[in-house]
């Protein structure tokens with residue numbers, strides 16, 4: 001049984017290390033979890049995208065991606081533009097919302113939320129680096145018969161982490177009954193998103 005269990009655990013650990021970090025996508029899911037708004041569709045989309053890309057990477061698509069010139073640069077510039085837009089929006093929200101409580105947070109349509117989720121997910125170059133290149137490289141260290149189990153473990157990490165983040169955010173709801181907490185979260189969001197955008201632009205310029 002350990003023949004199958006070991007690659008599953010390895011895949012789970014590698015997958016978890018790639019997605020459990022303070023980033024734009026996780027901050028967005030945290031915010032939606034605090035608002036308890038459209039959590040399940042967001043979780044399914046984020047985990048589903050991970051599942052598709054991880055499966056593709058283990059099947060060898062990483063070798064094809066490495067041959068496509070300028071792909072990382074294109075994703076970096078697109079992702080940076082999206083992060084700058086969202087970071088400035090968070091900064092503006094922090095500066096103009098002096099008394100926003102949890103109950104007063106504006107409701108957003110499912111369509112808008114899903115479009116934003118796609119942006120935070122698909123315009124993030126690290127998504128492709130982690131799920132395709134990283135997972136693809138690590139999977140090659142596994143025996144061929146064990147790679148499907150490695151893939152399963154990595155996918156399982158996404159389906160465990162995103163529900164924990166989205167639904168577990170309700171534990172923090174008492175904290176965010178204070179308007180100051182939202183201002184701090186908006187400020188943190190702006191700093192992280194603008195910082196990530198700067199990092200993407202820097203690496204894209206170097207690679208160019």
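Throughout, read-outs are computed from the coordinates displayed, never taken from laboratory work. The structure presented is a predicted model; accordingly, all values stated were derived computationally and were not measured. Using ideal geometry, Cβ is built from the backbone for each residue, glycine included, and neighbour counts are taken over all protein chains shown.
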Checklist outcome for this item: Under a Gaussian network model of the chain whose springs join Cα atoms within less than 10 Å, the largest fluctuation of 109, 17, 181 belongs to 109
Next on the checklist: Can you give the FRET efficiency to the nearest 0.05 for residue 145 and residue 122, using r as the Cβ-Cβ distance and R₀ = 30 Å?
Outcome noted: 0.40
Checklist entry - In the Gaussian network model of the chain, springs joining C-alpha atoms below 10 Å, which of 53, 45, 140 carries the largest mean-square fluctuation? => result 140
Checklist entry - Under a plain spin-label model, where a point goes 7 Å from the Cα along Cα-to-Cβ, how far apart in nm are residue 44 and residue 21? => result 2.9 nm
Checklist outcome for this item: Out of 54, 43, 74, a Gaussian network model of the chain with alpha-carbon springs under 10 Å gives the largest mean-square fluctuation to 74
Item to check | Virtual spin-label span in nm between residue 133 and residue 170, 7 Å along Cα→Cβ | outcome: 4.0 nm
Checklist entry - Taking a ≥ b ≥ c as the square roots of the eigenvalues of the Cα gyration tensor of segment 129-208, is the shape rounded (a/c under 1.5), prolate (a/b larger than b/c) or oblate? => result oblate
Next on the checklist: At 0.36 nm per residue, and after removing the present C-alpha to C-alpha distance, how many nm does the segment from residue 108 to residue 59 gain when stretched out fully?
Outcome noted: 13.9 nm
Item to check | Label-reachable residues, segment 117-150, where backbone N falls under 20 Å from a point 7 Å from residue 9's Cα toward its Cβ | outcome: 138-150
Next on the checklist: Using alpha carbons only, how many angstrom separate the centre of segment 135-175 from the centre of segment 7-59?
Outcome noted: 7 Å
Next on the checklist: Counting only helical runs of four or more DSSP H residues, what would the 222 nm mean residue ellipticity of the chain come to if each run contributes -39,500 (n - 2.57) and the total is spread over all its residues?
Outcome noted: -24500 deg cm²/dmol
Checklist outcome for this item: So, relative contact order of segment 2-207 in percent, Cα under 8 Å, 6 or more apart, is 49 percent
Checklist outcome for this item: Given a Förster distance of 35 Å, the FRET efficiency implied by the Cβ-Cβ spacing of residue 96 and residue 36, rounded to the nearest 0.05, works out to 0.90
